[in-house]
Amino acid sequence: MSSQPTALFALDLTGTFAFGLNGALTAVRAARLDVVGVVVLGLITAMGGGFIRDVLIDSLPPATLLDWRYYTLATLGGLIAFALSRHLRRLERAIDVLDAVGLSTFAVIGASKALDAGLGVAPSILLGVITAVGGGTIRDTLVLTVETGVYGLPAALGAAAACFLIRVLGVRYGLNAPEPPETRGRKDSREAGA
Amino acid sequence: MSSQPTALFALDLTGTFAFGLNGALTAVRAARLDVVGVVVLGLITAMGGGFIRDVLIDSLPPATLLDWRYYTLATLGGLIAFALSRHLRRLERAIDVLDAVGLSTFAVIGASKALDAGLGVAPSILLGVITAVGGGTIRDTLVLTVETGVYGLPAALGAAAACFLIRVLGVRYGLNAPEPPETRGRKDSREAGA
Amino acid sequence: MSSQPTALFALDLTGTFAFGLNGALTAVRAARLDVVGVVVLGLITAMGGGFIRDVLIDSLPPATLLDWRYYTLATLGGLIAFALSRHLRRLERAIDVLDAVGLSTFAVIGASKALDAGLGVAPSILLGVITAVGGGTIRDTLVLTVETGVYGLPAALGAAAACFLIRVLGVRYGLNAPEPPETRGRKDSREAGA
């Protein structure tokens, strides 16, 4: 990340926000979804293409899961889309412009990273295209199958969130299973976040 | 695997069986498939979410392909679903309970593994959700495109199985291409399984 | 690659061409697509199954993105399908034979690579099947969602191509951002291709 020129990084974050917003808007209009479903589809639109790229060039975990600015901006876009979907119709042209910025930026960054990973020109262009249109394609596929995909979301989300709560509480208040006393209450820096 | 608490591991295997069973049941009811198609869709339901998680946290090959208990239980679930799909209607409530156990367990394990891989809280919750609902989503997508997806299954399966037969026979009876005599007939421990 | 027997490698290339051709033909007949969309769907048909296999056995970047013969033959198949789709109806039987060759070869190679990666017999057969039918399944899924998947293709392709043009020109004519003089104009061997 830090090796990217600042302007390109700013464009990348802008595109991530725009894809999160626009992806979630498409989801809102195509299917009746609650806020979790809409935000998840926005996240997938914003980060799915980069996931495929990072998998194929063996750069894992994906960059957008390691840097909180990406998933925070994509989530923010999704939340705005959910809350204001009607009012955003007036801003459709501006959103389209942002979306085009994201599309081009993602293609350039995707191709560039593939090149840096040692791929040739043709496969790198292919990876640039996949980075740009992959997320939207996954979203559209998921919208087609949305009833089932979403059915377990609340339960899964609850379970995953509960898992953290328990671990965080355990670390903070020494609620772990019995251990030798000298390790109890030790801070686990992992819990501090990304 | 061995570092998981035993209770969680037992729940994980239970969930894998339940997802294989329920995933295959959904496939049986949604489309006319032969036993291979049904079992493959059950396997994908049971292991697909974990595949995505293990890819994204760079823990490959996926845990469920390395431990025979996972894919054996998922296959067993799929076979039972295929053989007894009508009779299982009476057990629908019990299957739903097992499925909920699997959903929660997968979410917890998925989030926990993401955390262990160094991801922050928010992306780890996202990976927990993906682990839990990813397999069912892939299954639903495949059921939509099932005619073609299944068209080449028997041939591909036959070819892949023939490949093993030849290799296993080759190793066991020295049918390999000519080699220096001291290596012929040597046992290849790889053939012994996962 | 070089460790594969020559005959199997020739069959693999034949199958890649056949899948690119047949995958693109299916795309031409299922949806109104321009040449870029058709060729991309041909590429995905030919290489998608191998992508999934290489991801799951942790052999990345995928073999078909590293060896130019694979993606060139798949692209060639896609271009022929686009240009001659009507005339190819007469050759349907021959194409089916080539396709069956590809299906079997992909299954054998996929299972074989999984075995070499240390997987057991059952998951290796599963990976053989995925290698053989994965690409066609992804294509069929994409054809279902094709309007959006293709919407951004030209822009993304243009941006990715422009990215290379700029980098290649920069390297060739010293158009880079200011650098210490001794590094300017230095040839970057990466730009030479795959």
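Given the conditions (1) of a type outside the set (Ser, Thr, Tyr); (2) within 30 Å of C:LEU66 (Cα to Cα); (3) buried (at least 19 other Cβ atoms within 10 Å of the Cβ); (4) more than 14 Å from chain B (Cβ to nearest Cβ), which single one is not true for A:VAL28?
Of the numbered conditions (1) of a type outside the set (Ser, Thr, Tyr); (2) within 30 Å of C:LEU66 (Cα to Cα); (3) buried (at least 19 other Cβ atoms within 10 Å of the Cβ); (4) more than 14 Å from chain B (Cβ to nearest Cβ), the odd one out for A:VAL28 is (2).
Yes or no: C:VAL38 modelled with pLDDT under 95, farther than 28 Å from A:ASP54 by Cβ and not polar (S, T, N, Q)?
Considered against the rule, which asks whether it is modelled with pLDDT under 95, farther than 28 Å from A:ASP54 by Cβ and not polar (S, T, N, Q), C:VAL38 comes out as no.
This table checks each residue for (1) open to solvent by 20 Å² or more (accessible area, probe 1.4 Å); (2) of a type in the set (Ser, Thr, Tyr); (3) outside the structural domain of B:PHE106 (by TED's automatic domain parsing).
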site	(1), (2), (3)
B:LEU11	yes, no, no
B:GLY23	no, no, no
B:ARG32	yes, no, no
B:VAL36	yes, no, no
B:THR45	no, yes, no
B:SER59	yes, yes, no
B:LEU66	yes, no, no
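Just one of A:VAL36, A:VAL28 is in a helix (DSSP H, G or I) and touching a Pro at 6+ places or on another chain (Cβ under 9 Å); which is it?
The unique qualifying residue is A:VAL36.
Select from the stretch A:84-116 the residues that are facing chain C (nearest Cβ under 8 Å) and closer than 20 Å to C:ASP67 by Cβ and list them in ascending order.
A:ALA111, A:LEU115, A:ASP116
Looking at this structure, is C:LEU103 open to solvent by 30 Å² or more (accessible area, probe 1.4 Å) and more than 19 Å from B:GLY48 (Cα to Cα)?
No, not satisfied.
Which residue pairs have Cβ atoms under 8 Å apart, sit 6 or more places apart or on different chains, and have a first residue in the stretch B:93-120 that is basic (Lys, Arg) and a second that is surrounded by fewer than 24 Cβ atoms within 10 Å (Cβ to Cβ)?
Once the first residue is basic (Lys, Arg) and sits in the stretch B:93-120, its partners that are surrounded by fewer than 24 Cβ atoms within 10 Å (Cβ to Cβ) give B:LYS113/B:ILE57; B:LYS113/B:SER59.
Any residue in the stretch C:87-96 that is open to solvent by less than 80 Å² (accessible area, probe 1.4 Å) and within 16 Å of C:ARG53 (Cβ to Cβ)?
Scanning the stretch C:87-96 turns up no residue that is open to solvent by less than 80 Å² (accessible area, probe 1.4 Å) and within 16 Å of C:ARG53 (Cβ to Cβ).
With B:PHE82, B:PHE17, B:PHE9, B:PHE51 as the choices, which residue is free of Cβ contacts under 8 Å to residues at least 24 places away in the same chain and of a type in the set (Phe, Trp, Tyr)?
Residue meeting the stated conditions: B:PHE9.
Based on what the data block shows, is B:ALA81 assigned to a helix (DSSP H, G or I), open to solvent by less than 20 Å² (accessible area, probe 1.4 Å) and under 30 Å from C:ALA111 (Cβ atoms)?
For B:ALA81, the condition - assigned to a helix (DSSP H, G or I), open to solvent by less than 20 Å² (accessible area, probe 1.4 Å) and under 30 Å from C:ALA111 (Cβ atoms) - is met.
Taking into account only those residues within the stretch C:55-78 that are within 14 Å of chain B (Cβ to nearest Cβ) and either in contact with a Ser or Thr (Cβ under 6 Å, 6 or more places away or on another chain) or free of Cβ contacts under 8 Å to residues at least 60 places away in the same chain (or both), which is nearest to C:GLY42 (Cα to Cα)?
Among residues in the stretch C:55-78 that are within 14 Å of chain B (Cβ to nearest Cβ) and either in contact with a Ser or Thr (Cβ under 6 Å, 6 or more places away or on another chain) or free of Cβ contacts under 8 Å to residues at least 60 places away in the same chain (or both), the one nearest to C:GLY42 (Cα to Cα) is C:PRO62.
Just to verify a result, which residue in the stretch C:117-148, among those that are facing chain B (nearest Cβ under 8 Å) and not in a helix (DSSP H, G or I), is surrounded by the most Cβ atoms within 10 Å (Cβ to Cβ)?
C:LEU119
Condition check: out of contact with any Gly (no Cβ under 9 Å at 6 or more places or on another chain) and assigned by TED's automatic domain parsing to the domain that holds B:GLY42. Does B:ASP140 satisfy that?
Considered against the rule, which asks whether it is out of contact with any Gly (no Cβ under 9 Å at 6 or more places or on another chain) and assigned by TED's automatic domain parsing to the domain that holds B:GLY42, B:ASP140 comes out as no.
The values are calculated or read from the model by the stated rules, or taken from the named source; none is laboratory data. Quick caveat, the model's predicted, so the values are computed rather than measured. When we count neighbours, we look across all protein chains shown, and the Cβ atoms used for this are built from the backbone with ideal geometry, even at glycine. For the accessible areas, the whole protein counts, side chains as well, though only heavy atoms, and no ligand, DNA or RNA atoms are used. Shrake-Rupley method; radii C 1.70, N 1.55, O 1.52, S 1.80 Å.
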